[in-house]
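Remarks on the structure that follows.
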Amino acid sequence: MQVTTRYPGASARTVVDTVALPIEQQVNGVEGMIYMQSYAGADGSYSLTVTFKIGTDLNFAQVLVQNRVSSALSALPQSVQVQGVNVQKRSTAILQIVTLTARDASFDSLYLSNFATIRLKDEIARLPGIGNVTVFGAGQYSMRCGLIRTRCRPAD
């Protein structure tokens, strides 16, 4: 099971203190759990992976974890509460890896990565039995925009 959220603008230390601790205190000891592992990023991201015993009903486990996370919501910062905390069933086993290539050099790896993100990721994620789709490799297109404020004075 994976629990994820984001605390915009927070450091990893702040995420640990204000998000990870309340959630992990509630989730710890959920029925059938073997162990849990968490990650707090410098970008304010938080991820908790809860591993269950073999044979555990993952639908029931998801409900149990969701209930525990809901109990911790009131202790989380307001911006995290507004954004929400996501609880998903997740397997650590990779089912399949798909590679996109171009027959010639007309499409580079960045283009293909962007194509997969825009056109394929959501379609594949909607297939029955698919829990998560991750596009990795070349990265994503990005753009940096700067705004400059100027003062206008009335003409004399």
>> Counting only Cα atoms, I'd like the Rg/Rh figure for the chain, Kirkwood definition for Rh.
In response: 1.12
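Quick one: with all protein chains in place, what share of the accessible area of the chain is carbon or sulfur, to the nearest percent (1.4 Å probe)? Each step should come with its number before you reach the end.
Details: 6020 of 11600 Å².
The nonpolar share, carbon plus sulfur, comes to 52 percent.
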> Could you give the semi-axes, largest first, of the ellipsoid that matches the range 18-72, computed as the square roots of 5 times the alpha carbon gyration tensor eigenvalues and rounded to whole Å?
Replying inline: 21, 12, 9
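For the range 25-125, what does the accessible surface come to per residue with a 1.4 Å probe? Please give it in Å². Don't skip to the answer; put the middle values down first.
Numbers: 6960 Å² over 101 residues.
Accessible area per residue: 69 Å².
Only Cα pairs under 8 Å and at least 6 apart count here; give the relative contact order of the chain as a rounded whole percent.
Working: 182 pairs, mean separation 37.1, N = 156.
Relative contact order for the chain comes out at 24 percent.
The values are calculated or read from the model by the stated rules, or taken from the named source; none is laboratory data. Being a predicted model, the structure only gives us computed values, none of them experimental. For the accessible areas, the whole protein counts, side chains as well, though only heavy atoms, and no ligand, DNA or RNA atoms are used. Shrake-Rupley method; radii C 1.70, N 1.55, O 1.52, S 1.80 Å.
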